[in-house]
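K.L.:
Can you keep this structure in mind? I'll have questions shortly.
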Amino acid sequence: MNVIQEFSRFANLYETHNIIQSQVAKKLVDMIEYKDYKQILDIGCGSGSIYKNMLKHKILFDSFTALDLSKEMLKIHP
């Protein structure tokens, strides 16, 4: 089974097991200096940790594009 199929298969459980990814997303967003962007592109967005952290930090954007190879992960992204 390939990686995309594995992520898709377990997408509904991802939030309970992605502790490291969540910490990395939080740290990355903590490092963002500006609070207003025209476009954001999140490649490999998973379940949306970057997006959620940007909202928590009140970082504004006109457009947010989330890309992931797993359609199931995209379904759970806010």
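K.L.:
Which percent of the accessible heavy-atom area of segment 26-78 goes to carbon and sulfur, probe 1.4 angstrom?
P.N.:
It is 58 percent, rounded to a whole number.
K.L.:
For the pair residue 57/residue 23, report the inter-label distance in nm, with labels modelled 7 Å from Cα in the Cβ direction.
P.N.:
1.8 nm
K.L.:
If you don't mind, there's one more thing I want to ask. Using the Karplus equation 6.51 cos²θ - 1.76 cosθ + 1.60 (θ = phi - 60°), what ³J(HN,Hα) coupling, rounded to whole Hz, does each residue of segment 55-62 give in order, writing x for Gly and Pro?
P.N.:
Values per residue, Gly and Pro as x: 5, 4, 8, 6, 7, 8, 7, 7 Hz.
K.L.:
Based on the mean of other beta carbon atoms within 10 Å per residue, what is the order of 43-56, 23-36, most packed first?
P.N.:
For the peptides 43-56, 23-36, the packing ranking is 43-56, 23-36.
K.L.:
In segment 17-77, what is the volume of the convex hull around the alpha carbon atoms, normalised per residue and reported in Å³?
P.N.:
For segment 17-77, the hull spanned by Cα atoms encloses 79 Å³ per residue.
K.L.:
Amide H neighbours of residue 60 under 5 Å, counting only residues 5+ apart in sequence or on other chains, H built in-plane at 1.01 Å?
P.N.:
Those qualifying (amide H under 5 Å, at least 5 residues apart or on another chain) are 36, 37.
K.L.:
Lys and Arg at +1, Asp and Glu at -1: add these up for the other residues within a Cβ distance under 14 Å of residue 36 and post the number.
P.N.:
After counting each charged neighbour, the total is +1.
K.L.:
May I ask for the net charge around residue 26, where only other residues with Cβ less than 10 Å from the Cβ of residue 26 are counted and Lys, Arg are +1 while Asp, Glu are -1?
P.N.:
+2
The values are calculated or read from the model by the stated rules, or taken from the named source; none is laboratory data. This structure is a prediction, so every number in the text was calculated from the model and none was measured. When we count neighbours, we look across all protein chains shown, and the Cβ atoms used for this are built from the backbone with ideal geometry, even at glycine. Accessible surface areas use protein heavy atoms only, side chains included; no ligands, DNA or RNA. Shrake-Rupley method; radii C 1.70, N 1.55, O 1.52, S 1.80 Å.
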